[in-house]
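The values are calculated or read from the model by the stated rules, or taken from the named source; none is laboratory data. The structure displayed is predicted, hence computed values, not measured ones. Note: ideal-geometry Cβ built from the backbone for every residue, glycine included; neighbour counts use all protein chains shown. Areas reflect the complete protein model, heavy atoms only, side chains present, ligands, DNA and RNA absent. Shrake-Rupley method; radii C 1.70, N 1.55, O 1.52, S 1.80 Å.
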Amino acid sequence: MPEYEFDLAMPEDDDDEAFDGPDAYLEGDDNVLELEDEVHSQDPSGSIAEILRSLFDLQQLQPGNATERTISSGTNEGNSIYGDLVRLLQAGPSSGDQDEEDDHADDDDEYLTGSPWHRQWYPPHTEPQKTGVELLMGGEFGRVSDKLRSNKGSKNVSRLLLDRSRNPRGILSREELSSGLIPNSNGTAVASNGSNLYAGQFSKDSSFYYTCCQDFRLHVYDMTSPPAKYIKPWRNPQRRTTLPIDHDRDHESTLKVLKIIQGHPGRWTITDSHLSPDNERMIYSSISPTVYITNTLDPSTVQTPIHFADQGRRQSPSLWGIYDHESFGIWSCRFSADGNEVIAGGNGHIFVYDLLADRRTVKIKAHSDDVNSCCWADTASGNVLISASDDMFLKVWDRRSLGGSRKPSGVLVGHTEGITCVSAKGDGRYIISNGKDQALRLWDLRKMCGSDDFDSFARIDYRCRDYDYRYGHFPKPRRPAHPKDCSVMAYRGHAVLRTLIRCNFSPAETTGGQYIYSGSADGRIHIWSLDGRIVQVLDRSRTLPISYDPSGPEPEPLTASRATVCVRDVSWSSREPVLMSVGWESSRVGGSIVARHEWKGLSKMANSLEDFVEKRRIEISQRAMTRATGYRRVPGAFEEDDEDE
């Protein structure tokens, strides 16, 4: 099969600049959020002003100080500097409404004066949206009968099990039992690492869970047995190891560790990883032109490189002081449905590598900025590719037409900032994406924008100038969405800051894919119903220590930690209502913690019976309101009387 290689007449990126924009090149940037939390918690007119005035007084008393010379030249200038500092530390929102057509200068002023990093310019939906309801009731996201039963309030797991025992021939699917069981606990720590974790995912059958660490280690944990009781390991502080690195010294876990893989050192961190369909192989990228394949469970330590660089190109020094074939990095990689091909993206390109033929078969100059994420559109064939970039756009590529056209089959337009993650439902139709514009969007590939139409507005940039998501600030956007928005739904409420936050569909085996979930830089895990509402928020700042039992009763609500936890990746088990999340701890604590979030019933939650009764009363009133507004009146829905017959 010939290799397809296209350059789409886009400006060439400088090799060194290709690395300006990724997750973690800001040393100590996690201190920014902590400082802002402390500043916002104080009274702007009280302690901040007193501290600043004291500092200015001290500087004026020091002989020869530059500040003394500046202030002595003019009292008004000194007062203006003092006032500017007070306004910067207050970081209060600007007053008055801004028109959507404000120029860049206004946006920059608001960015520099420091708006709250977690401010939501556009609030999330609190009521079901018509488009989302139609999707839920269309039959493509799980069984419609389960949703109708849940809407009427007649769904009861105990009753379902009892009815099954009376009718042994009846078939009761896992989705019917667990579609309404959403993990509701803030989690219990089950593992900790001394370095930041950038990925954490279940295997396809949820028999094991793996994490990828900034120190290039990959841990594989057994999920077929519950976590063990925590026993604090004893270490002799005077003991010196003869090994260059003590791999277990900064790692603790109550999960059974099946394998520890030492990855090949790359650039900064492992950015992405993926399992083959048979769960026997894993690929990982580390901002270099080479992706490595390793075995997951067998004891072999062999790792096979996959070279995406042009073969035979003259070596040149990269930004990191080492020599390689090309100074570009792969940010994302995915196995194909049959496990015989790998798609990868980075530095504006997407690639496809044929593992059987051992050669690269596709290279496309797809975007004008970094490709942060890529995936296959479906699990049946390997023809449709999706790429997501910092240039605001997702592009759809059909390999069957690459030989005759240099353009993508279509473009998904809607985000106004770069895209951190794209995830496919697997049916070749629906995908979701996380954007730095603080919106998670749902797309239908049948409604994508055509390439010719896209060319007419492709060069119009709606991004905020000088906005860097790594600093934790998001200035007021010029628009809530791109003027040519073709997304189906938008979900808000989370913070896509500091790093490339991931998002996913809930597992089809147990929920029908009717939920969407994402990590967040504010330390919370957000779970949305497909209809647009937030149905659950899990707070990682209230996660219990590793000494607690993850399946035990929840204690009384703990006081939330002041430290900001950044939840980068979350994974939902396909066998039970359990979430696993990886969160970056604050600089005061350091490293990352893996937390297990379970669904817990009334007997295990720290709520009284009165709280449960009140919650049920609110749910019943909400169901009555949604029925009155036509929630169930969609094509294909059954009437109540028909179902009862």
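Exactly one residue out of Arg502, Arg441, Arg399 is more than 23 Å from Leu197 (Cβ to Cβ) and open to solvent by 20 Å² or more (accessible area, probe 1.4 Å), and it is Arg399. With respect to the conditions (1) within 18 Å of Thr271 (Cβ to Cβ); (2) without any contact (Cβ under 8 Å) to a residue 60 or more places away in the chain, Asp369 falls short on a single one, namely (2).
Take the conditions (1) open to solvent by less than 10 Å² (accessible area, probe 1.4 Å); (2) farther than 21 Å from Phe328 by Cβ; (3) more than 21 Å from the chain's Cα centre (by Cα); Tyr430 misses just one of them, which is (3). Listed by first and then second residue, the pairs with beta-carbon distance under 9 Å, at least 6 apart or on different chains, first residue in segment 501-515 and touching a residue at least 24 places away in the same chain (Cβ under 8 Å) and closer than 9 Å to Gly142 by Cβ, second of a type in the set (Phe, Trp, Tyr) and open to solvent by 10 Å² or more (accessible area, probe 1.4 Å), are Thr511/Phe505; Thr511/Trp572; Gly513/Phe505; Gln514/Phe505.
Test Val371 against the stated conditions and say whether it is within 24 Å of Asp427 (Cα to Cα) and modelled with pLDDT under 95. So Val371 does not fit the description; no.
Quick one: in segment 444-469, of everything that is closer than 29 Å to Ala377 by Cα and basic (Lys, Arg), which residue is least open to solvent (accessible area, probe 1.4 Å)? Don't jump to the end; show me each part of the working.
Of the residues in segment 444-469, the ones closer than 29 Å to Ala377 by Cα are 444-463, 469.
Right, trim to basic (Lys, Arg) and you get 446-447, 459, 463.
Working: Arg446: 147, Lys447: 117, Arg459: 208, Arg463: 66 Å².
Top of the filtered list is Arg463.
So Gln315 passes all but one of these: (1) modelled with pLDDT under 95; (2) within 28 Å of Cys213 (Cβ to Cβ); (3) open to solvent by 40 Å² or more (accessible area, probe 1.4 Å); (4) not acidic (Asp, Glu). Which condition number does it fail? Every listed condition holds for Gln315 apart from (2). Among what's in segment 525-544 and is open to solvent by 10 Å² or more (accessible area, probe 1.4 Å) and of a type in the set (Val, Ile, Thr), pick the residue that is nearest to Ser586 (Cα to Cα). The residue in question is Thr543.
Do we find that Ala521 is surrounded by fewer than 22 Cβ atoms within 10 Å (Cβ to Cβ) and among the small types (Gly, Ala, Ser) in this structure? For Ala521, the condition - surrounded by fewer than 22 Cβ atoms within 10 Å (Cβ to Cβ) and among the small types (Gly, Ala, Ser) - is not met. The number of residues in segment 373-385 that are over 17 Å from the mean Cα position of the chain (by Cα) and part of a strand (DSSP E or B) comes to 4.
Quick grid of which residues meet (1) over 15 Å from Gly418 (Cα atoms); (2) at pLDDT 95 or above:
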{"residue": "Ala458", "(1), (2)": "no, no"}
{"residue": "Arg465", "(1), (2)": "no, no"}
{"residue": "Phe474", "(1), (2)": "no, no"}
{"residue": "Arg478", "(1), (2)": "no, no"}
{"residue": "Pro483", "(1), (2)": "yes, yes"}
{"residue": "Met489", "(1), (2)": "yes, yes"}
{"residue": "Val496", "(1), (2)": "no, yes"}
{"residue": "Ile501", "(1), (2)": "no, yes"}
{"residue": "Ser518", "(1), (2)": "yes, yes"}
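Annotation note: Cβ proximity below 6 Å between a residue of segment 470-482 that is closer than 20 Å to Val413 by Cα and a residue that is of a type in the set (Gly, Ala, Ser) (sequence gap 6+ or interchain) occurs for Ala481/Gly414; His482/Gly414. In this structure, Ser608 does not qualify as open to solvent by less than 90 Å² (accessible area, probe 1.4 Å), modelled with pLDDT of 95 or more and of a type in the set (Gly, Ala, Ser).
Scanning segment 402-427 for residues that are surrounded by fewer than 24 Cβ atoms within 10 Å (Cβ to Cβ), of a type in the set (S, T, N, Q) and touching a Leu at 6+ places or on another chain (Cβ under 8 Å) yields no hits at all.
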